[in-house]
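The values are calculated or read from the model by the stated rules, or taken from the named source; none is laboratory data. Since the structure is predicted, the reported quantities are computational estimates derived from the model, not experimental observations. Cβ sites come from the backbone with ideal geometry, for glycine too, and all protein chains shown count toward neighbours. The area values use the complete protein model at the heavy-atom level, side chains included, leaving out ligands, DNA and RNA. Shrake-Rupley method; radii C 1.70, N 1.55, O 1.52, S 1.80 Å.
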Amino acid sequence: MKIHNIIFLALTTVFIFGNLGCAHNTAHEHTITDYKQECDRLMSKSCNKLGDIYFKGVDAERNLNLAKKYHEKACDLSNSDSCNTLGEWYLFPQPYHIDGLKHDPAKAKELFEIGCKNMNGKSCANLGRIYSEGLWTEKDVDTGDMYLGKACDLYKDGYACEKRAHMFSSGLNRPVDKDMARKYERAAVKNYKAACDKDDGAECGQLGYFYLYKKNYEEAYSYTKRACILNDKYGCNLAGLIDKIEHYDYSIAISYYDKACSLYYEYASADLGYMYENGKGIQKDKRKAKAYYKLACDMVKEGWNPSHCEKVEELTDQGY
């Protein structure tokens, strides 16, 4: 029961925090000025880096419109990582306050195609998922499988390998083949680890999810902690969940939630609100609880997750 709750919560994918503890992190050799000068000289990697910095709010005040601006410039300069990022935003834009961003599957698909042509494994994997699952397009299992195979076999994308492993193990659109499933699971782990070893926080987090699904909690915790160190908000949140639900260590869980909160993850802020509201591992303080719920409410568009905002109203009605 406990671990199922973790998996459910983990996969359920400009603020001033004051005394709430959501302190921002600084960990770059380059300065913002360096990246801007290089981006002005049409260095696409620096434009991409600026997009990531402004999106995460690391080393700079969070500004989602600037994040979009720099990712668009990087993509125009054929940076496949930025094209993929923009594609994901157009596919799932609901949580973000970004001017001109709306749900546009056709635009997302176009950006993924650009990324895939430029050898971006994540873009190929996203195309594979779109076609194999029939997401906002006619389902085409063969085309989806082709893109997933390309992402896994040629571009070493861990998610694509994991997806293929699941398809073989479950008999999804093909006969069950346990040997092929194990082959692609091994490839997924190898590729996740290779990317994680290169300090890709998101890939460390994905590997943590993989091990959690396999009920290897020690490895899951190890990789989600590493993901958090590398400023992956989902990794931070999952490490906190494991500490809270599996290790019963609320004090450490709070530190991970706090880091995820500083990286603008609304569920972490809401979890902190719950812990303050109910005195879970910390002294009960409903005013702080309300403040954290308010942060969670403000982090997403109106109506995207109304439960956070409803908690603010509930505590306000109680006089807090």
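What to note about this one:
- Structure note, pairs Lys215/Lys244; Lys69/Lys198; Lys163/Lys259: Cα-Cα distances above 19 angstrom occur for Lys69/Lys198; Lys163/Lys259.
- Helical runs (DSSP H, four residues minimum) scored at -39500 (n - 2.57) apiece and divided by the length of the chain put the mean residue ellipticity at 222 nm at -20500 deg cm²/dmol.
- Site pair Gln318 and Asn63 shows an inter-label distance of 3.9 nm when each label is modelled 7 Å from Cα along Cα→Cβ.
- Label reach from Met119 (point 7 Å along Cα→C-beta): in the range 147-186, amide nitrogens under 13 Å belong to 154-156.
- Rounded to 0.05, the FRET efficiency of the Lys36 and Val176 pair, given R0 = 41 Å and the Cβ-Cβ distance, is 0.20.
- Which of Ile254, Ile53 is most accessible, then next, and so on - probe 1.4 Å: Ile254, Ile53
- Rounded if a/c under 1.5, otherwise prolate or oblate - the chain, Cα gyration tensor axes: oblate
- Straight-line reach from Lys122: taking Cα to Cα under 12 Å and skipping same-chain neighbours fewer than 8 places apart, the aspartates and glutamates in range are Asp81, Glu88, Glu113, Asp157, Glu203.
- Prolate/oblate/rounded label for the range 89-225 (Cα gyration tensor, a/c 1.5): oblate
- Among the GluC sites (Glu not before Pro) in the range 82-140, those located in a DSSP loop and surrounded by at most 14 other Cβ atoms within 10 Å of their own Cβ are Glu138.
- Between the range 38-77 and the range 253-268, the Cα center-to-center distance that results, in Å: 23
- Label-to-label distance, nm, for residues given as Thr143 and Asp199 (7 Å Cα→Cβ offset): 3.9
- Shape of the range 88-146, Cα gyration tensor, a/c cut at 1.5: oblate
- Sites Asn278 and Glu88 - FRET efficiency at Förster radius 41 Å, r taken between beta-carbons, to 0.05: 0.75
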